[in-house]
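Report on the structure given below.
The values are calculated or read from the model by the stated rules, or taken from the named source; none is laboratory data. These numbers were taken from a predicted model, which means no experiment stands behind them. Cβ atoms come from the backbone with ideal geometry, glycine included; neighbour counts cover every protein chain shown.
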Amino acid sequence: MVTARSPMVLAESSGEESVELRQHRRYRLSAPVSFSWESREGAVGTGEGHTRDISIAGVFVLTPGLIPEGSLVRMDVNLPPVTAKGQPIHLRSQGRVTRAEDNGFAAIAPIGFRMHFHGVSKAAEVV
């Protein structure tokens, strides 16, 4: 279920206001991520980094190198096991780079993230 919420206006230290456009709450999380991307012009690349924060439909990835805004990006986020005897959890998604910065990029993944467990034949979708 997707719920809409009105944009929130945030005051910045410079005295200017900015509008918060995120539709989902983001959570601070540092987890390894590998990704591949293709720009609108056809350039391709791969990389690795760590998540800075994540939501059910978006992520900010800390990584060196600049990925062009608008690029299609496929991501694999590796989470540690939830329990001591559990298996690692892999989140997979595909989305678009919405913001590129010197230290990483933000991507929106409208399909959300799919969870993949080792030893389980069927993937469960995170909703």
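Observations on the structure shown:
- Qualifying positions in segment 69-78 - in contact (Cβ under 8 Å) with a residue 40 or more places away in the chain and either under 17 Å from Ala57 (Cβ atoms) or assigned to a loop (DSSP other than H, G, I, E, B) (or both): Met75, Asp76, Val77
- Verdict on Thr46 being modelled with pLDDT under 95 and surrounded by fewer than 17 Cβ atoms within 10 Å (Cβ to Cβ): no
- Test: residue in segment 6-24 that is assigned to a loop (DSSP other than H, G, I, E, B), surrounded by 10 or more Cβ atoms within 10 Å (Cβ to Cβ) and at pLDDT below 50: yes
- When restricted to residues that are in contact (Cβ under 8 Å) with a residue 40 or more places away in the chain and either outside any strand (DSSP E or B) or of a type in the set (Gly, Ala, Ser) (or both), segment 47-63 contains 5.
- Scope segment 89-115; condition modelled with pLDDT under 85 and either in a loop (DSSP other than H, G, I, E, B) or hydrophobic (A, V, I, L, M, F, W, C) (or both); matching residues: Pro110, Ile111, Gly112, Phe113, Met115
- Within segment 63-88, tally of residues that are closer than 16 Å to Gly45 by Cβ and among the aliphatic types (A, V, I, L, M): 5
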